[in-house]
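Let me begin by presenting the structure, written as structure tokens, before commenting on it.
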Amino acid sequence: MDRRFAAFAFLAAACLPDPGVPLPDPEDVAAVSRAFQASRPEGPLSLVLDLPLYLPDDEACPILAVDESDGREVWTGGCFTEDGLLVDGSLERFEGGDTAWMAGNRFRVIDPRQGDVLLSIDGAVEVAWYGDLVVLDASLATCGGPGLPCTPDGPATVDLALTLYPWRSYPSSYEVTVNGLVDVAEDEPVAVYGMWRGEESCVAEPSQGTLALEAGRPFGLAFDGAVECDECALLAVDGQPTAHACTSWLP
């Protein structure tokens with residue numbers, strides 16, 4: 001099973017509004033979209049399970065060492081790749097039995113020629129399997145890799161408790177719960193709580209479910225991809241429904 005997660009970016013698009021229902025503010029749509037993207041479990045899970053896929057393809061940088069006592073992998077920066085990328089900080093990863101974890105200590109991959117940060121990981125993700133139930137705790141600031149891009153907003157900071165079920169059918173069909181805080185770009189920190197279902201039959205959006213967000217005022221998203229996979233979701237602001245908030249989710 002390919003467990004890699006392609007990062008999606010939300011871009012506001014036009015939708016036909018329901019008669020008599022106001023259009024959502026584009027800034028609200030953008031902020032809610034960023035918060036939802038940062039709340040997804042696929043990115044943190046892929047950081048743990050597929051971490052080497054997001055690192056430079058260079059045998060000498062970052063420097064990889066494996067702890068023979070427990071199989072823990074350690075990548076150390078302070079070096080340049082053959083392609084001229086600067087790697088700084090360190091990463092650790094462990095996978096064994098019913099647990100796995102990843103921890104980054106100010107790890108960054110930078111293109112010094114442009115000054116662009118390509119990957120940034122500072123914090124940790126822990127994963128535990130209880131049969132088909134997957135429990136994730138993510139507390140980190142990250143961008144690039146399987147998460148939101150590093151430009152223009154920089155790392156997204158999350159402190160989330162997530163579940164994913166059932167593992168046997170992931171990523172074809174699975175249910176998600178999330179609870180915690182996300183902080184993206186210049187948006188206010190957002191409290192998030194929700195649950196939704198993902199299906200391969202509609203990669204554009206969750207097939208069903210809801211997400212409640214609190215950032216100074218309440219927002220709510222209701223997904224309906226099982227009815228119409230149209231890259232749109234119902235958005236409520238201050239408890240009042242607006243027209244569908246439509247987005248283009250690009251891999």
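Below is a table of values for the structure above.
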item	result
Student exercise, the chain dipole from Lys, Arg, Asp, Glu Cβ charges, in Debye to nearest 20	180 debye
About the Cα centre, charge dipole magnitude for segment 132-251 (Lys/Arg +1, Asp/Glu -1 at Cβ), debye	220 debye
Highest-MSF residue in the chain out of Pro155, Pro241, Pro41 [GNM, Cα springs under 10 Å]	Pro241
Mean separation of Cα contacts under 8 Å (6+ apart) over length of segment 114-204, as relative contact order %	22 percent
Top positive-direction residue, dipole computed over the chain with Cβ charges, set Val227, Gly78, Phe107	Val227
Packing rank of 120-128, 84-92, where each peptide gets the mean count of other beta carbons within 10 Å, highest leading	120-128, 84-92
Karplus-derived 3J(HN,Hα), 6.51/-1.76/1.60, for each residue of segment 160-170, Hz, glycine and proline x	10, 10, 10, 10, 9, 7, x, 5, 5, 10, 6
Between 0 and 90°, nearest 10: helix 26-39 axis offset from the chain longest Cα axis	40 degrees
Compactness relative to 2.2 N^0.38 Å, alpha carbon Rg of the chain	1.05
Net lengthening on full extension, Ile63/Glu82 (0.36 nm per residue, minus Cα-Cα)	5.5 nm
For Arg72, residues with placed amide H under 5 Å, excluding near neighbours	Asp67
Over the chain, relative contact order from alpha-carbon pairs under 8 Å, at least 6 apart, %	17 percent
Length added when fully stretched, Ala191-Arg106, from 0.36 nm per residue minus Cα-Cα	28.1 nm
Mean ellipticity per residue at 222 nm, deg cm²/dmol - from DSSP H runs of n ≥ 4 across the chain, formula -39500 (n - 2.57)	-2500 deg cm²/dmol
GNM flexibility winner over the chain from Glu73, Glu175, Glu231 (Cα, springs under 10 Å)	Glu73
Exposure proxy ranking, count of Cβ atoms within 10 Å, fewest first, for Tyr130, Tyr174, Tyr193	Tyr130, Tyr193, Tyr174
Residue order, fewest to most surrounding Cβ atoms within 10 angstrom, among Arg72, Arg113, Arg34	Arg113, Arg72, Arg34
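No lab work stands behind these numbers, since they all come straight from the coordinates. As the structure is a computational prediction, the values presented were derived from the model and not from experiment. Reconstructed Cβ throughout: ideal geometry from the backbone, glycine too, with neighbour counts over all protein chains shown.
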